[in-house]
Structure formats: structure tokens, C-alpha cells
Amino acid sequence: MKFHTKYLWFNTKAEKEIVPIQSEVESAVRESGIKEGFAFVSAMHITSSVFVNDHEPGLWSDILGWLEQVAPARADYAHHKTGETNADAHLKRLVMGHQVMLPITGGKLDLGPWERVFYGEFDGKRRKRVIIKVFGE
Amino acid sequence: MKFHTKYLWFNTKAEKEIVPIQSEVESAVRESGIKEGFAFVSAMHITSSVFVNDHEPGLWSDILGWLEQVAPARADYAHHKTGETNADAHLKRLVMGHQVMLPITGGKLDLGPWERVFYGEFDGKRRKRVIIKVFGE
Amino acid sequence: MKFHTKYLWFNTKAEKEIVPIQSEVESAVRESGIKEGFAFVSAMHITSSVFVNDHEPGLWSDILGWLEQVAPARADYAHHKTGETNADAHLKRLVMGHQVMLPITGGKLDLGPWERVFYGEFDGKRRKRVIIKVFGE
């Protein structure tokens, strides 16, 4: 059983942003030499997300607009008594999920035709990390 | 470490439908001969879902009705400028999640008493796939 | 490849409650002796959740209040025709997710600075279980 671990760093210009990370994950799979297994990808900060969906900027804007309705920014969250102002970003991560397992078959990501992996930032303009751990044989 | 990979195909009659897939996953586990490990199950299309919940048709109807409120079909999604009409189905997948890991202990799925695995279709009437990858020893 | 499986039991005093389980998972990782791999943690009951977010009681109260808006308790769910009254708890589990994979690097959980793992109970005052399966080498 082999493991290959690496970290991606982000510092988005916008407070909320969706960033494609498919090619970074594919590089990690190639580097690992693993033919059968998984690439695990997880956001290490609790106001950001990793998810699999469509590479289509219109949809990314739909997702960000929709999240603002489902988990809106508001002044009166209890979390803000700590001095924080980002409770909505915590809730947005919960809606979107923060980690995925991408199966590897024959040395390649075994995804559907339109599946691509993304980093979702909901409290940006600061340094944040994603862990990639490829494992298998 | 052993791996056993197979694919399930779906082509639902309804546009939105919940389909039990527990027995297909149990078959894959038996075929694999794996005694200790996991069955990974993931929807390969970005408008469908895999999730674990109750085998109760009333609840399935509640889930589909609730999703229509949380992530409604609407004409004005930006994604629709591409000619697509299914942005809501992408959002429904994000709410529901698209993959699960089912633990295997002693050669059997190690689930709670009521846990069953389902395929959730939100843009049906077309051929779609789910990947099952059983791994362990 | 090694596996170490254990179960946590819960019986919360409140119907809805968030319970920190980070130290229980860290104990399981130490007991396993696994240096490189994952701790898989999953709620075995379909009205409860396992998730990773902030150790901050104000945020926990925000999460429970927000879930009541996103997936409200209501009398008229179809699921209630079975005699159950907890359809909202099923929906809350779907929003929050029910399982996580916690990466292990160098014998320790490889999490971000604020990531902690929690059990989310949405239909409590009864005995429920979480499975932890640590695997790797």
C-alpha cells in the first residue's frame, strides 16, 4: 500500500470564489505512481469546501448566489460574539461538503464525463490549505 | 490490498427519482471476497446523488419535495445561458452529496439497523452511471 | 494494511445536540498504531450526523438554529404516515452529511488548525452509535 501526500495553498482575491483544482489532483496521482486506489482531497479550513461538479462559470455563479440564500450572511449569528463575522461561511461549507474521494482505475481518475473537482472559498483573502492524499497500489 | 470495481447503469422513467441500490452494493462486496475494508459508491454524473438514509417511500417523497424548496427549478440560472435547463439538479446533488463509504467488517456491510444506500436522480430519462469500488483485505 | 474498528455510543439529553468527539477519534488512532492512513467516522443512525467544523459553542447553536430553517420540523411530512414524527431529523442529516475521512500522517490526524470532528444528534434521547474504522499502515 502506497501513500502520497501533498498540500495546495490558496489565497483568493475575492471573499467567495470557486477555483478549479482538477489538474493539481491529476498531477498528484501521476506523481504517486498509484494505479488502483483513491485521491482523497479535503479542505483544511472550516470556511471552505472541496466538491465535484461542472466546469462551467455560469454554474459557479449560480452556486455562490444560491448559497447566499440557503446560508445567508447575517449580523446576528451567535458565533459573532467571539469577534468573528464569518458564521455564514461555516454554514456554506456544511452545505457544500469539504472532502471528496476520487477513484483511480488504471492509473487515472475514474470520474464521469463531466465530473471535475473544485475548491470553494467562502471567507477568502487569506492563506488556506487543501490536503491531497493519494493511496492504493 | 484488493480492489473490485464495477459500474451500475440507470435510466430512470421519472425526471426525479430515488432508487434503492443496497442489494447491488452487497453483491459487489460478496464478489470481492473482501472481509475488512470499504465499499465506495459514487454518482458519476453531476446531476445525481448517492446517499444513505431510510428505506421508506414516504420519506423519499419528502426528500424530493424538500429539495424542490431548498434548490428549486428556476428559469433564470446563469447556467441556462449554455442551453442547459438543469441547474437545479446540480444544486440538488450538492445538497444530497454524491458519494459514500460503506464500511465492511467480517465480510459484511457494517451499517446501522436502518441505514440503506440509494441513488438519487434529479435529471433523469437518460443513461447514467454509478461507480462501486470495494477495497481492503 | 491494518484495520482498527470501534464504536461510540450516544444517548443525548437533548433532542438536538452537537457533541465533540475529537478525543475519542484520536484515541482510536493511537490504539491502531497506524502511521499513514485514515480514520473513517460515520453515524450509524439515519437521524444523526458526523461532521468537521469549529469547536465554538456559539457556532453550534447557529448550526442547530439554521438547520431548523433549512429542514424544519413539520407535521405534514409523508414519512409521518408510518407513525414516525422525525422526518426533519432525516433531512437535517442529509444537509450535514453523516461521515468523514480524517487523514493520518506521521501517526497523527492531519487536520487544519481549527478542524475538529463532531457528532450531530437531531432525534436524541435514545441510544445511537458511531463507527470509527482506522485503516492504513
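The values are calculated or read from the model by the stated rules, or taken from the named source; none is laboratory data. In this text the structure is predicted, and so the values were computed from the model without any measurement. Counting neighbours? That spans all protein chains shown, and the Cβs are built from the backbone with ideal geometry, glycine included. Note: accessible area is taken over every heavy atom of the protein model, side chains too, but ligands, DNA and RNA are not part of it. Shrake-Rupley method; radii C 1.70, N 1.55, O 1.52, S 1.80 Å.
What ³J(HN,Hα) values, in whole Hz, does the Karplus curve 6.51 cos²θ - 1.76 cosθ + 1.60 give for the stretch C:120-137 when θ = phi - 60°, with x put for Gly and Pro?
So the J values, rounded to whole Hz, are x, 9, 10, 8, x, 6, 8, 6, 9, 10, 10, 9, 10, 10, 8, 9, x, 9.
Could you give the size of the charge dipole of the protein assembly as shown about its Cα centre, using +1 on the Cβ of each K and R and -1 on the Cβ of each D and E, expressed in debye and rounded to the nearest 20? All intermediate terms of the calculation are to be shown ahead of the outcome.
Values: 54 positive and 54 negative charges, 171 e Å.
I would put it at about 820 debye.
Scan around B:Val50 for amide H atoms under 5 Å from its own, H built in the peptide plane at 1.01 Å from N, and keep only partners 5 or more places away or cross-chain.
Amide H neighbours of B:Val50, under 5 Å, 5+ apart: B:Ala43, B:His98, B:Gln99, B:Gly120.
What nm value, rounded to one decimal, do you get for the distance between B:His80 and A:Thr85 when each label is placed 7 Å out toward the C-beta?
Result: 3.5 nm between the two label points.
Return the sequence-ordered ³J(HN,Hα) values of the stretch A:43-51 in whole Hz as given by the Karplus equation 6.51 cos²θ - 1.76 cosθ + 1.60 applied to θ = phi - 60°, using x for Gly and Pro.
6, 8, 10, 8, 10, 9, 9, 10, 8
Suppose every Lys and Arg Cβ carries +1 and every Asp and Glu Cβ carries -1, with no other charges. What dipole size does chain A come out with about its Cα centre, to the nearest 20 debye?
Working: 18 positive and 18 negative charges, 113 e Å.
About 540 debye.
Placing the label point 7 Å from Cα along the Cα-to-Cβ direction, what are the distances from B:Glu137 to the equivalent spots in the other copies, shortest first, in nm to one decimal?
Shortest to longest, the spacings are 1.2, 1.2 nm.
Closest approach to the A-C rotation axis by any Cβ of A: residue and distance in angstrom?
Taking Cβ atoms only, the nearest residue and its distance are A:Met1, 3.
Relative to the longest principal axis of chain A, what angle (0 to 90°, nearest 10) does the C-alpha long axis of helix A:57-70 take?
With both axes taken from Cα atoms, the answer is about 50 degrees.
What is the ratio of the Cα radius of gyration of the stretch B:13-124 to 2.2 N^0.38 Å, where N is its residue count, to two decimals? Don't skip to the answer; put the middle values down first.
On the way: Rg = 15.8 Å, N = 112, 2.2 N^0.38 = 13.2 Å.
Dividing the Cα Rg of the stretch B:13-124 by 2.2 N^0.38 Å gives 1.20.
Distances over 17 Å make up what percent of all Cα-Cα pairs in the stretch C:1-74?
On the way: 1509 of 2701 pairs.
In whole percent, the long-distance tail amounts to 56.
Let me know the charge dipole size of the stretch C:1-78 about its Cα centre in debye, to the nearest 20, where only the beta-carbon of Lys, Arg (+1) and Asp, Glu (-1) is charged.
360 debye
For B:Leu102, list long-range residues whose amide hydrogen, built 1.01 Å from N in the peptide plane, is under 5 Å from its own amide hydrogen.
Under 5 Å from the amide H of B:Leu102 lie the amide H atoms of B:Ala39, B:Phe40, B:Val41, each far enough along the sequence or on another chain.
Measure nothing but the geometry: give the 0 to 90° angle between the long axis through the Cα atoms of A:22-32 and the longest principal axis through the Cα atoms of chain A, rounded to 10°.
For A:22-32 against chain A, the angle is about 40 degrees.
What are the nm distances, shortest first, from A:Ser23 to its equivalents in the other copies, labels at 7 Å along Cα→Cβ?
Label-point separations across copies, in nm and ascending: 4.7, 4.7.
Obtain the radius of gyration and the Kirkwood radius of the protein assembly as shown from its C-alpha atoms and give Rg over Rh. List each step's numbers first, then the result.
Numbers: Rg = 19.7 Å, Rh = 21.2 Å.
Result: Rg/Rh = 0.93.
What fraction of the Cα pairs in the stretch B:97-137, stated in percent, has a spacing above 17 angstrom? Can you show the working numbers first?
Values: 373 of 820 pairs.
Distances greater than 17 Å cover 45 percent of the Cα pairs.
Hey, for C:Lys35 with labels 7 Å out along Cα-Cβ, what do the inter-copy distances come to in nm, ordered shortest first?
Label-point distances to the other copies, shortest first: 2.6, 2.6 nm.
Determine which lysines satisfy two conditions relative to C:Lys108: a Cα distance under 16 Å, and not lying fewer than 8 residues away in the same chain.
A:Lys6, A:Lys133, C:Lys2, C:Lys35, C:Lys133
Pop out the ³J(HN,Hα) list for the stretch A:2-7 in order, Karplus 6.51 cos²θ - 1.76 cosθ + 1.60 with θ = phi - 60°, rounded to Hz; leave Gly and Pro as x.
Karplus-based 3J(HN,Hα) across the stretch A:2-7 equals 10, 10, 9, 10, 8, 10 Hz.
For a quick check: with amide H placed at 1.01 Å from N, whose amide H comes under 5 Å from C:Glu36's, ignoring anything fewer than 5 positions away on the same chain?
Amide H neighbours of C:Glu36: C:Gly107, C:Glu137.
Where the centre of each part is set by its Cα atoms, how far does the stretch C:1-52 sit from the stretch B:109-137, in angstrom?
Centre-to-centre distance over Cα atoms comes out at 22 Å.
Taking accessible area as the heavy-atom solvent-accessible surface of the protein chains with a 1.4 Å probe, which residues of the stretch C:65-87 lose no less than 50 Å² upon going from the isolated chain to the full protein assembly?
C:Trp66, C:Val70, C:His79
Would you mind working out the accessible area per residue for chain C, using a 1.4 Å probe, and quoting it in Å²?
On the way: 5180 Å² over 137 residues.
Roughly 38 Å² per residue, with all protein chains present.
So between C:Lys125 and C:Ser61, what do we pick up on full extension, going 0.36 nm a residue minus the alpha carbon distance? Could you put the intermediate results ahead of the total?
Details: separation 64, 0.36 × 64 = 23.04 nm, distance 1.84 nm.
Once the chain is fully extended between C:Lys125 and C:Ser61, it gains 21.2 nm.
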